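Quick notes on the structure that follows.
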Amino acid sequence: MEVFHTIADYKNLKLPVSIGFVPTMGALHTGHASLVQRSLNENETTIASIFVNPTQFNEKKDFDSYPNTLEQDLKLLKNLGVDLVYIPDVSDMYVLEPQIHVQHPMMNNVLEGKCRPGHFDGVALVVTKLLNRIKPDRAYFGKKDYQQLKIITDLSRDLDLGVEIVGCPTVRESSGLPLSSRNLLLEAGQRAELEVFYDGLKKGLDHELEINDLIYEINALLASTVDMYFEYLEILETTTFLPSERIDEGCRIFFAIKLPQLRIIDNFSVTKKL
């Protein structure tokens, strides 16, 4: 496995024609590994990147506290069989202060876009830059960040980037809690309460309920936790991201759980169990 830090080094490499790309911000876990494995299965060369992108953080303290496990990350990627890892510096990714912004107005007005103004602009810009630099045939993203996946899919299509965006299933712990790099920041008591919440979703969620009753039931599952609350909890159509009038295969449950030191975001189909 080879590591490169500048795009000039990458341009000097002679690579096979089929390239799969897995962009990450590090602190890798089994969910990232599943994206890498999918790429390895579908491409001749697999490239991963590790870059904590400052332009997508709303608060500097969140950027500063983002987990850094670079040594373990590189070991994991090497063991999986990744061919190349791109680890750029901020000065390499943003030579000058960006003057061009890439926006998705629809996504900026709902869920994460509404709660974190500017977040998706930062995501869209860095992903555009990464896809233009690496020029992969396919790029792999998890469905846990469903809005992000929608934005990147639209971005590649609308800007004619020529990259197939592959959405991969959310990888979860046995309780149903989605794997996330930020889970490293959970305290033991918080993890235990979240496991109870997710276990309740997995075992007791009745998808035959009406929308308002279903939202009530989910709210009730979180009500007994300490210092946790829903920042949002909505059932939306997956194509328009407008509120759904009925429960069917065309909509998903989206929520963000706010804790003192982090947020847990998740989504899942309303017609299937976790």
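The values are calculated or read from the model by the stated rules, or taken from the named source; none is laboratory data. Given the structure is predicted, the values throughout are model-derived calculations rather than measurements. Here Cβ is always computed from backbone atoms with ideal geometry, including for glycine, and neighbour counts include all displayed protein chains. The accessibility values were calculated without ligands, DNA or RNA, using every heavy atom of the protein model including side chains. Shrake-Rupley method; radii C 1.70, N 1.55, O 1.52, S 1.80 Å.
Given the structure, is Pro105 within 17 Å of the chain's Cα centre (by Cα) and surrounded by fewer than 16 Cβ atoms within 10 Å (Cβ to Cβ)?
Working: within 17 Å of the chain's Cα centre (by Cα): no; surrounded by fewer than 16 Cβ atoms within 10 Å (Cβ to Cβ): yes.
When the stated conditions are applied, Pro105 does not pass them.
State whether one or more residues within the stretch 70-88 are of a type outside the set (Ser, Thr, Tyr), touching a Pro at 6+ places or on another chain (Cβ under 8 Å) and at pLDDT 95 or above. Among the residues of the stretch 70-88, not one is of a type outside the set (Ser, Thr, Tyr), touching a Pro at 6+ places or on another chain (Cβ under 8 Å) and at pLDDT 95 or above, which makes the answer no. For Thr30, state whether it is β-branched (Val, Ile, Thr), open to solvent by 30 Å² or more (accessible area, probe 1.4 Å) and within 19 Å of the chain's Cα centre (by Cα). Against the criterion (β-branched (Val, Ile, Thr), open to solvent by 30 Å² or more (accessible area, probe 1.4 Å) and within 19 Å of the chain's Cα centre (by Cα)), Thr30 qualifies. Of the residues making up the stretch 202-221, those that are touching an Asp or Glu at 6+ places or on another chain (Cβ under 9 Å) and either crowded, with 17+ Cβ neighbours inside 10 Å or closer than 29 Å to His32 by Cα (or both) number 5. Here Ser18 passes the criteria (1) surrounded by 19 or more Cβ atoms within 10 Å (Cβ to Cβ); (2) among the small types (Gly, Ala, Ser); (3) out of contact with any Pro (no Cβ under 6 Å at 6 or more places or on another chain); (4) at negative phi except the one numbered (1).
Inside the stretch 240-253, can you point out the residues that are under 18 Å from the mean Cα position of the chain (by Cα) and open to solvent by 40 Å² or more (accessible area, probe 1.4 Å)?
At the first step, the residues of the stretch 240-253 found to be under 18 Å from the mean Cα position of the chain (by Cα) are 241, 252-253.
The one that is under 18 Å from the mean Cα position of the chain (by Cα) and open to solvent by 40 Å² or more (accessible area, probe 1.4 Å): Arg252.
Determine whether the stretch 88-102 contains at least one residue that is touching a Phe, Trp or Tyr at 6+ places or on another chain (Cβ under 7 Å) and within 21 Å of His5 (Cβ to Cβ). Steps first, answer last, please.
Pass one, the stretch 88-102, residues touching a Phe, Trp or Tyr at 6+ places or on another chain (Cβ under 7 Å): 88, 93.
Filter again for within 21 Å of His5 (Cβ to Cβ), leaving 88, 93.
Yes, that holds for at least one residue.
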